[in-house]
Amino acid sequence: MGVFSRFKDIVNANINALLDKAEDPEKMLRLMLQEMEDALIELKSGCAARMASRIRLEKRIQEQKALVSRWQSRAQMAIDKGRDDLAREALAEKRKESALLESLESDLRGYEEIIARSREDIDQLEGKLAQARSKLKLLQEKARAERESGKANSRMATSSSMGFDDLEERIDRMRFENDLSRPRPDADAIFRSMEEKEEIEKELEQLKKEMRDE
């Protein structure tokens, strides 16, 4: 059975108090370090995955913005050619792509918040790891001093490497793919269609006005 059951248990742990209660403080500290290391790997893996997804999402948002701009340009071109019917269709497509763009931008804000919280958790855990490693070093130095003075305690054992140096290498293999697609709203309802056509007509007249004023 482990020392901690939740991440918050690690962050809020009073290491000194736990060691004071332990029959074998060094053994207890090693167990703590192992659990902290495992938790850190999990946190960094999750954060790395979300950061990779954020990069893909940012690229998709740029592509979506270009698509919205393209439909706007097509609407203007149709008006120049006297094709109001095509201009209406272009504006309708622009509205659909704009709605998708808003959804993607909302997803991006969500990723930013999650990544920020993950980084805070990682910083807190790394602080606890540094504290625990310092305690382990102190215990090892104390054991060494007692051995040299002939007062070594039989419960003290030589510590082994804790394996911190390969954390980043183990985390680098993270490759998650997130499906960021969102279903588009149903536009077949009669009243919604009527409302959308009315909005498009208004946008068409506004676009014409702006082009005349230029």
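The values are calculated or read from the model by the stated rules, or taken from the named source; none is laboratory data. Treat the numbers as computed from the prediction; the structure is a model and nothing was measured. Note that each Cβ is placed from the backbone with ideal geometry, even for glycine, and that neighbours are counted across all protein chains shown. Keep in mind that these areas ignore ligands, DNA and RNA; they rest on the heavy atoms of the full protein, side chains included. Shrake-Rupley method; radii C 1.70, N 1.55, O 1.52, S 1.80 Å.
Starting from 0.36 nm per residue, how many nanometres of slack lie between Glu141 and Glu201 once their C-alpha separation is accounted for? Walk me through the numbers before you get to the answer.
On the way: separation 60, 0.36 × 60 = 21.60 nm, distance 8.09 nm.
Working it through step by step, the gained length comes to 13.5 nm.
The overall shape of region 60-106, judged from the alpha-carbon gyration tensor, is prolate: a/c is not under 1.5, and a/b is greater than b/c. Evaluated with a Cβ-only charge set (Lys, Arg +1; Asp, Glu -1), region 96-143 carries a dipole of roughly 640 debye about its Cα centre, given to the nearest 20. With a 1.4 Å probe rolled over the protein heavy atoms of all chains, the accessible area of Lys137, Lys208, Lys21 falls in the order Lys21, Lys137, Lys208, largest first.
Would you give the gap between the C-alpha center of region 89-143 and the C-alpha center of region 28-50, rounded to a whole Å? Here the two parts' Cα centres lie 15 Å apart.
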